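The structure under discussion appears below in the form of structure tokens.
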Amino acid sequence: MSVSNFEHEYLFVLGNGASIASADPELDNYLEFKPSIENYIPILEKLSEQEKKSPFGLLDFMEESHLQALKWLIEKVIEISGRKRERDIVKLLAILEEDYANNWNHQNNLQLQERTDRSAQNLGDISTLENAIYHFVAAYYTKFEKKYLKKLWQLVQKDHSPLISLNWDINFERVIHEKNPTIPMANYYGEYIFNLLPSDQKNEPYNPLVKILKPHGSLNWLIPTDIKGTYGDLNIESDQMQSGCQLRVVDNLPTNFNSECQCFLIPPVPDKVAVERFSGLFWKIKETVWNVISAKIREYAINSRILVIIGYSFPPEDKHIENLFNCNRFERIIVFDKCEATFNRIKEYFRGAKAEFKKSGFAEIMDWLDVGEGFKPSRS
């Protein structure tokens, strides 16, 4: 079929379901919870109980460096969760970011010193959560099932399709990098991210092997922790902001993660929190990166013929993602998910497109033919 009216034939979207499907299946029995981000805090609570009874049993699956760091982070994360009465780790991050903004901007209600102290506590809590997320996810995905992701990479590179990943892990990137070890992952995330990198990471010209948009950030995007306090509320111009950003993109999940740097994660912020309320260079960078990536997603939505959704449900609380797809010309949507209710909700949202349900989830990607658009017969 001619695609002259579309820049891209396919646009792929990866959600947490794709990460779960590619994880080491043996861990399901050990953890007793699916490793979704919604179950993150219950998993930590379970690990805490197990640690009190016996030494960590996850060492067979995870690297010891991550486990040692995770052990002392568990209780702090559970404490923050209890204090804020929120057990969803993503929502908890958003609450802390909102608190940080409020404590800096409600100057009429708080004395400067108290405002500064509360902001410092919130920043400490945010850093703790992001450290814990890093060590748990990095450890959990030390071993993962690659076959579905390898198949996906074949499909993506065939038509040079863009891909939106809403996950913090880098499973898909690691599969690509194994096949192309001479091209750094710094080239994977679009020219804007590449241009934010320090000069020592840009020795070679930008080489867009693949275009992966990660609107929530990524565990292999690192930034110095002191960038938040160093610049305070200064009104930094765009070029100054970029030169001072020092965002680094590494090719794996670093095992020497420490207090001098943190992952550059962009948790969804509640709509009621206006962007201009955030203070400091760190938040300005997050805002700018989110805006650029969001604009690119909108561009792909209007210029792609077929939307392929793998393990993402477009949940009601993700309005910030749903809104990016409001303007689209999709003729078909293909949904890989085991939940029919999820498919029906997505189908209703994209009413103008012909919808196809792959009820075996990510595993059914293996039935996608290498040529044309067809599938092999579904499994019985």
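For segment 68-85, indicate whether the set of residues that are aliphatic (A, V, I, L, M) and at pLDDT below 80 is non-empty.
We begin by selecting, within segment 68-85, every residue aliphatic (A, V, I, L, M); these are 69-70, 73-74, 77-78, 80.
Those still in the list that are at pLDDT below 80 too: 69-70.
Yes: one or more hits.
D117 fails exactly one of the following numbered conditions: (1) modelled with pLDDT under 75; (2) more than 26 Å from L222 (Cα to Cα); (3) charged (D, E, K, R). What is the number of that condition?
In the conditions (1) modelled with pLDDT under 75; (2) more than 26 Å from L222 (Cα to Cα); (3) charged (D, E, K, R), D117 misses (2) alone.
Going by what's in this entry, would D271 be described as modelled with pLDDT under 80 and surrounded by fewer than 17 Cβ atoms within 10 Å (Cβ to Cβ)?
So D271 passes the test.
Name the residue, out of L213, L155, L219, that is surrounded by 19 or more Cβ atoms within 10 Å (Cβ to Cβ) and at pLDDT 95 or above.
Sole residue among the options that is surrounded by 19 or more Cβ atoms within 10 Å (Cβ to Cβ) and at pLDDT 95 or above: L213.
Results for (1) β-branched (V, I, T); (2) open to solvent by less than 40 Å² (accessible area, probe 1.4 Å); (3) at pLDDT below 95, shown as yes or no for each residue.
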| position | (1), (2), (3) |
| --- | --- |
| Y134 | no, yes, yes |
| Y141 | no, yes, yes |
| P162 | no, yes, no |
| S165 | no, yes, no |
| E191 | no, no, yes |
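The values are calculated or read from the model by the stated rules, or taken from the named source; none is laboratory data. Here the structure is a predicted model, which means the values were calculated and not measured. Glycine also receives a Cβ, built like all others from the backbone with ideal geometry; neighbour counts cover every protein chain displayed. Heavy atoms of the whole protein, side chains included, go into the accessibility calculation; ligands, DNA and RNA do not. Shrake-Rupley method; radii C 1.70, N 1.55, O 1.52, S 1.80 Å.
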